[in-house]
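Have a look at the structure below, then the notes.
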Amino acid sequence: MAERVFDIRKQTGFTTIAFACFAMLYMPIILLVVYSFNAGTSIAIWEGFSWRWYASAWENEQVQEATLRSLVVALWASGISTTVAVLAALATTRTRRFRGQTAVFALINQPLMVPEIVTAVALLIFFAMIKVATGYTGLAYLILAHSAFCIPFAYLPIRARLQGMDLSLEQAAADLYATPFQVFRRVTLPQLWPGILAGAMLAFVISLDDVVITEFVKSAGQDTLPTYMLGQLRRVVTPEINAISTALLGISITMVIAYTLLSKFRK
Amino acid sequence: MTNAISARALRKVYPGNPPVEALGGVEIDIADNEFFTLLGPSGCGKTTILRLIAGFEHPTSGTLEMFGQSLLDLPPYKRQINTVFQSYALFPHMTVAENIGFGLEMLGRPKTEISQTVGEMMELVQMSHLADRQTGQISGGQQQRVALARALAPKPRVLLLDEPLSALDFKLRKNMQLELKRLQTETGITFIFVTHDQEEALTMSDRIAVMSDGAIRQIGSPREIYDHPADRFVADFIGDTNFLSADVVENRDGAATLRLGSGRTIAARAAQGVNGRVTIAVRPEHARLGTPAEGLLAGVLSDAVYFGTDTHFHVTLEDGTTFVLRQQNSPDSTAGFATGDPVGVCFPAEVAQVLRD
C-alpha cells in the first residue's frame, strides 16, 4: 500500500489516547463479567471463582419469566419491524423519485432522532387512553412500541442493500417476461436476504436491550429482562445481576458476529 | 411487409435543470430479419433508443411500433423482445441453466420444453459442459455466451444487444462478432445492435444508423455509409477521411462541376441546389501518389509512415493543409517518392463525396 501523506498513528500521544479510550469502554464490562463468577455475595469484593450466580439466575422464576417475555417481545418486534422496513425500503428505492421523498426518509428514521424519553411518555399517555377505552392490558402494547422504534434499525441495512443492488438484474428479469411481483420474488428477494437478516438481527438486539420505553409502556407484571434487572438494582445487589448481564452480553456478541459474517458473505 | 420496429418522431427528454434531450424526433424503420446497428459516440442516444424499445424507458413523444402494433402501452414483460445487457446482468443466485431457462419459466412453459430448449441453447453457444455452474464461476466470455443464450431462449421476435462485446478482449471480440452474425442468420431473429465501434458495425451489420447528439445522421448499408457518407460527422466518425474545400461551378440536377483549391475541376454528384463553397471527402485508400502534373492536387511529400500492410503518405498541399493517402505495400513496389519531393495527389472524380453541412 502506498504511504499515506497523513498517518494519524504517527501523531504524538495517539497510542495513549487510543488505549485510554478502549480502557474506558471495556474495563467496566470486563469487571462486570469477572464479578459474575464471584463466589461471594458482593459485586466488589472477590472471594473466588464460582458458577453459583449463573445457577441462581437460571433457577430464578422471575428471571425465567422476564427472559421469556423479552424473547417473545423481541421476536415479534423484529418480525413486524423488518416486514415494515422491507416495504418502506422498497418504496423509497424502487419507485420514481417523488415529492417529499427526503421527508419520508426522515419520518421513517424519526425514532433515531426523537429523544427516547419523549417517545416513552407519549406512548404511556396514548396507550393509557386505549387501555381505558378497551380494557386490554396484554403484551401487544409492548410489542407495538418495540416494533415502532426498531423500524429504522431494520430499515437502514435493508435500504443500503437495495441501493447497492444492480438494477439491471431486475430489468433483465422484466425483459424475460417476469411480472413485477415475479421480479421481486425471483430476483430482488433472493438477493435481499442478507440485508433482511441483518436488519432483523439488529432490530432483535435493540428490542432485547430496551429499558426506557419498556419501563413506561409495560403493565403490571410485564417485566422484561432489562426492566427486571433495573428493579433488582433498587434492592439488594448480588452478582446474579452480573451473571444475567454477562448472558445478555453473550447474546449480543453472538448477534454481532453473525451480522458481520453475513455482511462479509454478501460480498 | 411490416417493419420489425418502426419509430416516428421518437423523442426522449430527461427531466432536470436544464432538461436533457437524449433523442430529438428520431425516424427509424428496421426490417424483419435484419442485423441493424446503432452506431455513434457515447451520449449520442443509441442506448436510449434501445431502452425505449425494451420498455425500460417511456418516450416523451412520438410513436414506436413492433410489427405494426404500438409498444407504448406495453410493459417490458409483455414485449416479445429480449435484451443482452452490456453488463450481462446474469442472475448471480442461479446456475447457468437456470439463467437460460428463466424467460421460458416466466412464460409458463412446461418443464420438459424448458429443459429441452435450454439444452439446445447451451449447445448453440457451446456452454453445455457448464450447465450447473454458478454464473460467478465462469469467465467473461462465457458469461457473454450465457447472456446471449438467455435472451435467445424464449425466441423473441427482436433481440437487443447493448454493446455486448465491449468487455471482451480483442481476440474474443473478433470471434464473437462472427458468431453473432452466424446466430442472427441461423435464428432469423431481428438483431438491433448498439456499439461505438465503427469496425464492429461495418463487419456485422446489414444496415447501420449513424447517430450523434440524439439524431440519426445517416442510415445505410456498411458500404453506403463508408463510401458515401452523408455529412462531415459520418465521414469523420467512420474510417479516416481527407476533407477538402471546393467551389461548385455548376450544378445541373445533381451533376455538379467542382473547382478544387488547386484550380482543377472535377465532376461529382451533389444534392440538387447545392451551390457555393462545399466540403468534399476523399478516403485515404482511394487516392494515390503521382507526379505534380498528373495530380488533381499538388503538394510536397512531408512524411511516409510504414504500417506493414500499407504505407501512409502525408502530403502538405499548397494551401498548407495535410492530405493523407494510404497505399498497400507489395514486395516488388516502392513508392518512388522521397520525403521533400513535389508530388501530385490523384483520385478518380467519383470517389469524392460532396458532404451535407
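Taking first residues from segment A:186-208 that are modelled with pLDDT of 90 or more and partners that are among the acidic types (Asp, Glu), the Cβ contacts under 6 Å between residues at least 6 apart in sequence or on separate chains come to A:Val187/A:Glu170. Is it the case, given these coordinates, that A:Asp223 is at pLDDT below 90 and over 17 Å from the mean Cα position of the chain (by Cα)? In short, no. Suppose the filter is part of a helix (DSSP H, G or I), of a type in the set (A, V, I, L, M, F, W, C) and within 30 Å of A:Ala66 (Cβ to Cβ); does A:Phe105 pass it? When the stated conditions are applied, A:Phe105 does not pass them. Could you check segment B:16-37 and list, in sequence order, the residues that are touching a residue at least 40 places away in the same chain (Cβ under 8 Å) and either basic (Lys, Arg) or closer than 20 Å to B:Thr2 by Cα (or both)? Within segment B:16-37, B:Val26, B:Glu27, B:Ile28, B:Ile30, B:Ala31, B:Asp32, B:Asn33, B:Glu34, B:Phe35, B:Phe36, B:Thr37 qualify. For segment B:154-168, indicate whether the set of residues that are part of a helix (DSSP H, G or I), touching a Leu at 6+ places or on another chain (Cβ under 6 Å) and on the phi < 0 side of the Ramachandran plot is non-empty. Looking for residues that are part of a helix (DSSP H, G or I), touching a Leu at 6+ places or on another chain (Cβ under 6 Å) and on the phi < 0 side of the Ramachandran plot, one finds none in segment B:154-168, hence no. Within segment B:156-191, the residues that satisfy the criterion of being under 22 Å from B:Arg79 (Cα atoms) and touching a Ser or Thr at 6+ places or on another chain (Cβ under 8 Å) are B:Arg157, B:Val158, B:Leu159, B:Leu160, B:Leu161, B:Asp162, B:Glu163.
A:Ile45 meets all of the listed conditions (1) at pLDDT below 90; (2) among the hydrophobic types (A, V, I, L, M, F, W, C); (3) assigned to a helix (DSSP H, G or I) but one, namely (3). Where residues in segment A:148-167 are free of Cβ contacts under 8 Å to residues at least 40 places away in the same chain and more than 8 Å from chain B (Cβ to nearest Cβ), which of them is farthest from B:Tyr77 (Cα to Cα)? If we take residues in segment A:148-167 being free of Cβ contacts under 8 Å to residues at least 40 places away in the same chain and more than 8 Å from chain B (Cβ to nearest Cβ), then A:Ala160 is farthest from B:Tyr77 (Cα to Cα). When you check B:Phe91 against the structure, is it touching a residue at least 40 places away in the same chain (Cβ under 8 Å) and at the interface with chain A (Cβ under 8 Å from one of its Cβ atoms), yes or no? Spelling it out, B:Phe91 is indeed touching a residue at least 40 places away in the same chain (Cβ under 8 Å) and at the interface with chain A (Cβ under 8 Å from one of its Cβ atoms). Could you go through segment B:77-88 and let me know if any residue there is part of a helix (DSSP H, G or I), modelled with pLDDT of 90 or more and over 17 Å from A:Gln182 (Cα atoms). Checked against the condition, which is being part of a helix (DSSP H, G or I), modelled with pLDDT of 90 or more and over 17 Å from A:Gln182 (Cα atoms), segment B:77-88 yields no hits at all.
The rows are residues; the columns are (1) closer than 29 Å to B:Asp236 by Cα; (2) of a type in the set (Gly, Ala, Ser); (3) away from chain A (no Cβ under 14 Å); (4) crowded, with 18+ Cβ neighbours inside 10 Å.
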| position | (1), (2), (3), (4) |
| --- | --- |
| B:Ile138 | no, no, yes, no |
| B:Gln143 | no, no, no, yes |
| B:Leu148 | no, no, no, yes |
| B:Pro154 | no, no, no, yes |
| B:Val158 | no, no, no, yes |
| B:Ser166 | yes, yes, yes, no |
| B:Asp169 | yes, no, yes, no |
| B:Thr203 | yes, no, yes, no |
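Where residues in segment A:139-166 are in contact with a Ser or Thr (Cβ under 8 Å, 6 or more places away or on another chain) and surrounded by fewer than 21 Cβ atoms within 10 Å (Cβ to Cβ), which of them is nearest to A:Tyr259 (Cα to Cα)? Here the answer is A:Leu162. Among all residues of segment A:126-138, there is at least one that is buried (at least 16 other Cβ atoms within 10 Å of the Cβ) and either over 19 Å from A:Ala220 (Cβ atoms) or in the same structural domain as A:Met229 (by TED's automatic domain parsing) (or both).
Set side by side, the residues B:Pro92, B:Pro76 differ, and just one is over 22 Å from B:Leu180 (Cα atoms), crowded, with 19+ Cβ neighbours inside 10 Å, out of contact with any Pro (no Cβ under 7 Å at 6 or more places or on another chain) and assigned by TED's automatic domain parsing to the domain that holds B:Val194, which is B:Pro76. Please tell me if B:Ile81 is in contact (Cβ under 8 Å) with a residue 60 or more places away in the chain, at the interface with chain A (Cβ under 9 Å from one of its Cβ atoms) and not charged (D, E, K, R). Criteria met by B:Ile81. If the requirement is being assigned by TED's automatic domain parsing to the domain that holds A:Cys150 and in contact (Cβ under 8 Å) with a residue 24 or more places away in the chain, which of these qualifies: A:Thr41, A:Thr83, A:Thr67? Every option except A:Thr67 fails the conditions.
In summary, A:Asn109 fulfils each of the numbered conditions (1) more than 24 Å from A:Ile196 (Cβ to Cβ); (2) polar (S, T, N, Q); (3) modelled with pLDDT under 90 with the single exception of condition (1).
Yes/no per residue for (1) under 27 Å from the mean Cα position of the chain (by Cα); (2) surrounded by 12 or more Cβ atoms within 10 Å (Cβ to Cβ); (3) of a type outside the set (S, T, N, Q); (4) within 30 Å of A:Pro152 (Cβ to Cβ):
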site: A:Gly48; (1), (2), (3), (4): no, no, yes, no
site: A:Thr67; (1), (2), (3), (4): yes, yes, no, yes
site: A:Ser70; (1), (2), (3), (4): yes, yes, no, yes
site: A:Ala103; (1), (2), (3), (4): yes, no, yes, yes
site: A:Asn109; (1), (2), (3), (4): yes, yes, no, yes
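When A:Thr92 is tested against the conditions (1) polar (S, T, N, Q); (2) closer than 17 Å to A:Ile244 by Cβ; (3) touching a residue at least 24 places away in the same chain (Cβ under 8 Å), the lone failure is (2).
Looking only at residues of segment B:97-135 that are crowded, with 17+ Cβ neighbours inside 10 Å, outside any loop (DSSP other than H, G, I, E, B) and away from chain A (no Cβ under 14 Å), we find that the one that is nearest to the chain's Cα centre (by Cα) is B:Leu124. When segment B:229-246 is filtered for residues that are assigned to a strand (DSSP E or B) and of a type in the set (Asp, Glu), only B:Asp231 remains.
Summed over segment A:186-224, residues that are more than 14 Å from every other protein chain (Cβ to nearest Cβ), crowded, with 18+ Cβ neighbours inside 10 Å and polar (S, T, N, Q) total 4. Of the residues making up segment A:168-185, those that are at the interface with another protein chain (Cβ under 9 Å from one of its Cβ atoms), part of a helix (DSSP H, G or I) and surrounded by fewer than 19 Cβ atoms within 10 Å (Cβ to Cβ) are A:Ser168, A:Pro180, A:Gln182. Among the residues of segment B:238-246, is there at least one that is more than 20 Å from B:Gly320 (Cβ to Cβ) and without any contact (Cβ under 8 Å) to a residue 40 or more places away in the chain? Among the residues of segment B:238-246, not one is more than 20 Å from B:Gly320 (Cβ to Cβ) and without any contact (Cβ under 8 Å) to a residue 40 or more places away in the chain, which makes the answer no. For B:Asp73, the conditions (1) closer than 28 Å to B:Pro59 by Cα; (2) within 14 Å of chain A (Cβ to nearest Cβ) all hold with the exception of (2).
The values are calculated or read from the model by the stated rules, or taken from the named source; none is laboratory data. No experiment lies behind these values; they were computed from the predicted model shown. We place every Cβ from the backbone using ideal geometry, glycine too, and count neighbours over all the protein chains shown.
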